[in-house]
Amino acid sequence: MCADKLLEVNQLRTSFFTFSGEVQAVRGISFSLMQREIVGIVGESGSGKSVACLSIIRLLQDPGKIVSGEILFEGKDVLKMSMADLRRLRNSQIGMVFQEPMTSLNPTMRVGAQIVERIRSFNKGINEKQAREKAERLLEIVKIPEAKRQLDAYPWEMSGGMRQRVMFAIAIACDPKLLIADEPTTALDVTIQNQILKLIRTLRDETNASIILITHDLGVVAETCERVIVMYGGMIMEEGLVEEIFYETGHPYTMGLKQSIPDVNRVGGGRLFSIAGSPPSLIDPPKGCPFAARCEKAMKVCLEHCPPYFQLSPTHRSMCWLLDPECPSYWRKEGLK
Amino acid sequence: MNEQNFIEVINLKKYFGGGGIFWKKPVIKAVDGISFTITKGETFGLVGESGCGKSTVARTMIRLYNPTSGSVIFDGTDITKLGEKELKPYRRRMQMIFQDPYASLDPRMTVLNIIAEPLTAQGNYSRTEYKDRVADCLRMVGLKPEHMARYPHEFSGGQRQRIGIARALITQPEFIICDEPISALDVSIQAQVVNMLQSLQERLGLTYCFIAHDLAMVKYISKRMGVMYLGHLVEVSRSEELYREPLHPYTIGLMRAIPIADPRLARMKQEISIEGEIPSPYNPPSGCRFSTRCRHVMDICREVSPVLKEVAPNHFVACHLF
């Protein structure tokens, strides 16, 4: 197993030092990523999922700082790397796709030039012509029709879906071992979203990269990912294989998320389940479980002490006091129904 | 159709562009001949991809845009023929909830002024009178009257959307257009807002036109719905029927594209996805607008634009296959 580990994050803490205080966006998360694996990170806005991923490639901007922890990429600690090593890592090992296909491409440059720029940044020996040919091949991989002609298009001449494909082309230009996609389909329509998700799966098969997919949509996760990490209030609430998360849910928050999406296949009527309240402030995070204030099953202990992880299977762990052996079993059954 | 058609949209068209001093600007046919009806107290859902004209329909229905042609019958009166002055009493009866709760509230106005603005526009209310009504509305949407003196930035996204809903309720409307009211919110907050909209409907007897691109949510909230594609209405039916057996190839593709939050089902799902992208509305395909992406395209589709036909009771489809 250990040999296949591509990325390992240990006790990562990231904070933003603002005027109103220290915002603890990520509060001690640990997870690892195998080769060729698609992992989904799910959570609401402000749960720390994007910050966690930006920390991995150290792209955080000023008030943000990694407070402590360890990020091992192929055994090397990213946090201890020099700027030159870091640049090499970002250049040739990790690709990233952001949410907004409108703002992450340069509107004044042709798409082809942007891809060529990326290719030549890590491969100095390649000349303009070869780079252009490679760019064309990349556009074909991400299934842009008439790739050759589209190289000369400006980003604003393309639709949102096309721009997102270009972003993927740039991200895989260096044959990365890790591809991080931060809400790549949120701004897109369902039919286009479907196409992009399909593309993500084929990219994994074609490039052998591991993929981290950040999203707030459980449907997207169910269709694309193999393993899921559920985040809330800067912590990992639950982690497991897709089947485990969906069919053997081990946390009331995941449960609530699952129930708040209307089921297309169910005949309508009734009220939607909704989680009352709103996410906790991260400037002054709650002492106990971050979800306790909104949890219907919260017990006294939940407000006072943060639960440890309980291992439900070798691949499935959850942070909830209901899973403690001392918790009466009928409570557990009720709570995780 | 049935007992009382509260709102009837007949062959509504809205074109943008045209004119110009030196050369003709290109014309976009955003809405091109749409007809449907909404009965009192029901929720009519309108879905479609971005750029299909669903928001334009909504805005034209309440005369935020003037239609190019066609008519909108609101409670027996054709409001497209009315002048601004005659329209004013109707304005009170129809309101709108907007998509982006961050952009639709003026950051420099207090909540009181934001919510009371429609009343001020209607005129003749004293300050104490409208303060009371604002307090009522705030309570109705689950906020507290003390929130009146605050500014929008002090609220979270879900709370702001509630303020937007309170603003729509203040004139005691009968018809509310909800233009993607939840798409900017988090999943757990979406459910809160949708539940609230439903209980308000039951309590106040409101009629909704609910626009969204999240099909699961639209199905959940609306009894009947229409599917739009490039300015045309391609299918209208009861929501359940539309999900159980969609008929138009576009609707089928759209339904299949919804990600299912169930990994086993998702893996079993047949892959019938719509390839390609929505064509440019400047230069839409002739004949059926969907013909460029349709799997069942025939020669006639490229030439003749299909009209809405009733193929089953209350199930209308615009497709040459039927």
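The values are calculated or read from the model by the stated rules, or taken from the named source; none is laboratory data. Bear in mind the structure is a predicted one, so any value in this text is a computation, not a measurement. Please note: Cβ atoms are built from the backbone with ideal geometry, for glycine as well, and neighbour counts cover all protein chains shown.
Can you name the residue in segment B:51-76 that is of a type in the set (Ser, Thr, Tyr) and surrounded by 14 or more Cβ atoms within 10 Å (Cβ to Cβ) and is also nearest to residue B:181 (Cα to Cα) among such residues? The selected residue is B:55. So in segment B:240-256, with the set limited to residues that are surrounded by fewer than 21 Cβ atoms within 10 Å (Cβ to Cβ) and within 8 Å of chain A (Cβ to nearest Cβ), which one is nearest to residue B:220 (Cα to Cα)? My answer is B:240. Look at segment A:3-19: where a residue is assigned to a helix (DSSP H, G or I) and a partner is among the hydrophobic types (A, V, I, L, M, F, W, C), sitting 6+ places away or on another chain with Cβ atoms under 8 Å, you get A:4/A:34. As for segment B:207-227, it holds no residue that is among the polar types (S, T, N, Q), without any contact (Cβ under 8 Å) to a residue 40 or more places away in the chain, out of contact with any Pro (no Cβ under 6 Å at 6 or more places or on another chain) and under 30 Å from residue B:138 (Cβ atoms). For the structure I just gave you, tell me whether residue B:172 is surrounded by fewer than 20 Cβ atoms within 10 Å (Cβ to Cβ), more than 12 Å from every other protein chain (Cβ to nearest Cβ) and outside any helix (DSSP H, G or I). Answer is yes for this residue.
Listed here are the residues, each with its yes/no results for (1) hydroxyl-bearing (Ser, Thr, Tyr); (2) touching an Asp or Glu at 6+ places or on another chain (Cβ under 6 Å); (3) over 16 Å from residue B:99 (Cα atoms).
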position: B:141; (1), (2), (3): no, no, yes
position: B:148; (1), (2), (3): no, no, yes
position: B:154; (1), (2), (3): no, no, yes
position: B:181; (1), (2), (3): no, no, no
position: B:184; (1), (2), (3): no, yes, no
position: B:198; (1), (2), (3): no, no, yes
position: B:212; (1), (2), (3): no, yes, no
position: B:221; (1), (2), (3): no, no, yes
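For segment B:49-66, filtering for residues that are touching a Phe, Trp or Tyr at 6+ places or on another chain (Cβ under 6 Å) and either within 12 Å of another protein chain (Cβ to nearest Cβ) or within 17 Å of residue B:221 (Cα to Cα) (or both) leaves 1.
Test residue B:87 against the criterion of being modelled with pLDDT of 85 or more, crowded, with 20+ Cβ neighbours inside 10 Å and among the aliphatic types (A, V, I, L, M), and give yes or no. So residue B:87 fails the test.
When residue B:211 is tested against (1) more than 11 Å from every other protein chain (Cβ to nearest Cβ); (2) at pLDDT below 85; (3) buried (at least 24 other Cβ atoms within 10 Å of the Cβ), just one condition goes unmet, and that condition is (2). Of all residue pairs spaced 6 or more apart or on separate chains, those with beta-carbon atoms under 6 Å, a first member in segment B:15-26 that is under 20 Å from residue B:64 (Cβ atoms) and a second member that is not in a strand (DSSP E or B) and not basic (Lys, Arg) are B:15/B:68; B:17/B:26. Scanning segment B:191-228 for residues that are closer than 19 Å to residue B:316 by Cβ and either of a type in the set (Gly, Ala, Ser) or in contact with a Ser or Thr (Cβ under 9 Å, 6 or more places away or on another chain) (or both) yields a total of 11. Looking at segment B:20-123, none of the helices (runs of 4 or more DSSP H) lying wholly inside it contains 3 or more residues that are farther than 27 Å from residue B:170 by Cβ, among the aliphatic types (A, V, I, L, M) and in contact with a strand residue (DSSP E or B) (Cβ under 7 Å, 6 or more places away or on another chain).
All of B:274, B:252, B:258 fail the test of being in contact with a Gly (Cβ under 6 Å, 6 or more places away or on another chain) and under 29 Å from residue A:199 (Cα atoms), apart from B:274. For segment A:295-323, how many residues are surrounded by fewer than 20 Cβ atoms within 10 Å (Cβ to Cβ) and more than 25 Å from residue A:32 (Cβ to Cβ)? Going through segment A:295-323 one residue at a time, the tally reaches 9.
Could you tell me whether any residue of segment B:142-155 is part of a helix (DSSP H, G or I), within 28 Å of the chain's Cα centre (by Cα) and crowded, with 16+ Cβ neighbours inside 10 Å? There is at least one residue in segment B:142-155 that is part of a helix (DSSP H, G or I), within 28 Å of the chain's Cα centre (by Cα) and crowded, with 16+ Cβ neighbours inside 10 Å.
Applying the criterion of being out of contact with any Ser or Thr (no Cβ under 8 Å at 6 or more places or on another chain) and surrounded by 21 or more Cβ atoms within 10 Å (Cβ to Cβ) to the residues of segment B:175-190, the residue that is farthest from the other protein chains (Cβ to nearest Cβ) is B:177. No other residue among B:140, B:217, B:196 is within 22 Å of residue A:273 (Cα to Cα) and away from chain A (no Cβ under 14 Å) apart from B:140.
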